[in-house]
Amino acid sequence: MMRPQDLLQPRPEGLYCSPGDFYIDPVRPTPRAVVTHGHSDHARSGHGIVLATPETLAIMTERYGADFAQGRQPVAYGERVDRDGVEISLAPAGHVLGSAQAVLRWRGFTAVVSGDYKRRRDPTCKGFEPVQCDLFVSEATFGLPVFRHPPDTEEIARLLHSVRQFPERAHLVGAYALGKAQRLIRLLREAGWERPIYIHGAMQRLCALYEDLGVELGPLEPATAERGGDLAGEIVICPPSALQEKWSRRFADPVTAFASGWMSVRARARQRGVELPLVMSDHADWDELISTFRELPEALLWITHGREDGLLRWAELEGRKAQALRLSGYEDEED
Ligand SMILES: [Zn+2]
Ligand SMILES: [Zn+2]
């Protein structure tokens, strides 16, 4: 009888697959890495060979330069490759453009390392595809029943309502530069906002890359210093940190908004001085986590990366086998 730990073990560098001799999302340089998606805590530079989707490799090139690894192995969704007897394939994770679950098959055993994921529709990337497996490694960023994210359309409608209500003020929306910003822009376009959207300099390259990879964002303009004064009634998207920086002082009396799953916690919004909290996450909320586990009834659950205890308790009540996986070095890009 094979044990899951014969295939995968947590190590300080990250989750290690010993029969295939590679790491998944290693946090330190390793000779062979499988990278689930482009967020900087999962996708680091300095590895030997990086196996990832072509989109994730393009994002890593954009962030770190062409020499971010000694070699790269692009693998499209659904394509199967062999590494020392371990079959690796990538399935969409619905998290950001190019994000993938790593599916490992070895001696009749299937393990899925989902990286970060969500289940709701995202117009900037392919939706999560459940893969039946014996072991499912899940994140737990919002792994408590209090975390239930509203529909995106509601949050976008609240933003547009505020823009109509305060036409004399610019709306500054903090959004993570990879994934959240582009999703927000697409959702605004779907809601009928056709005006140029103004973006902070730190977002320009990733927005351009999304467009190169086929995600249309509509007219974007740089939110330059000279423009600051005359962006009344406009929407400006910036990294969350810029909301508190000198950069934001160029706008007269702006409405500050922040798009993050954490905005359901009022104290966090208050702490950051956010006037218009928008609850939008690229991570599964409680219901999405639970429905995913229910769709994979045979899988042993390894829970990591957040609030493991709530999910372990759920698993116990449901009679599901689950354990916490201690992995360190990952941050929460929404925080
Ligand atoms: Zn992520
Ligand atoms: Zn993550």
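Results, tabulated for the structure shown:
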quantity: Mean Cβ count within 10 Å, highest first, over the residues of peptides 314-322, 206-214; calculated: 206-214, 314-322
quantity: Packing-based ranking, highest mean first, of 35-45, 20-30 given that Cβ atoms within 10 Å are counted; calculated: 35-45, 20-30
quantity: Rounded to 5, percent antiparallel among DSSP beta bridges of the chain; calculated: 35 percent
quantity: Using a Förster distance of 25 Å, the FRET efficiency for E318-D21 (Cβ separation, nearest 0.05); calculated: 0.10
quantity: Taking segment 68-130 and dividing mean pair separation by its residue count, relative contact order in percent (alpha carbons under 8 Å, at least six apart); calculated: 27 percent
quantity: Size of electric dipole in the chain: Cβ of Lys, Arg +1 and of Asp, Glu -1, about Cα centre, debye, nearest 20; calculated: 420 debye
quantity: Cα→Cβ-extended label distance, 7 Å offset, between E245 and D6, nm; calculated: 5.1 nm
quantity: Residues D41 and T224, FRET efficiency given R0 of 22 Å [Cβ-Cβ distance, rounded to 0.05]; calculated: 0.15
quantity: Relative contact order (percent, whole number), segment 136-210, Cα cutoff 8 Å, 6+ residue spacing; calculated: 32 percent
quantity: Simple Cβ-charge dipole of segment 27-172, Lys/Arg +1 and Asp/Glu -1, about Cα centre, in debye nearest 20; calculated: 140 debye
quantity: Rounded Å value of the spacing that divides the Cα centres of segment 294-333 and segment 65-84; calculated: 28 Å
quantity: Segment 184-199 - phi-based ³J(HN,Hα) in whole Hz, Karplus 6.51/-1.76/1.60, Gly and Pro as x; calculated: 4, 4, 4, 5, 5, 4, 5, 7, x, 7, 9, 5, x, 10, 8, 10
quantity: Nearest-20 debye value, segment 200-285 charge dipole, Cβ charges on Lys, Arg, Asp, Glu; calculated: 560 debye
quantity: Cα lying deepest toward the dipole's positive end in the chain, options V103, V274, A202, charges on Cβ; calculated: V274
quantity: At R0 = 35 Å, FRET efficiency that the Cβ-Cβ distance of L213 and R326 yields, to 0.05; calculated: 0.50
quantity: Cross-link reach list, lysines versus K126, counting only Cα pairs under 17 Å and skipping chain neighbours closer than eight places; calculated: K118, K180
quantity: Between segment 91-141 and segment 142-216, the Cα center-to-center distance that results, in Å; calculated: 24 Å
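Throughout, read-outs are computed from the coordinates displayed, never taken from laboratory work. Computed from a predicted model, the values in this text were never measured in an experiment. Counting neighbours? That spans all protein chains shown, and the Cβs are built from the backbone with ideal geometry, glycine included.
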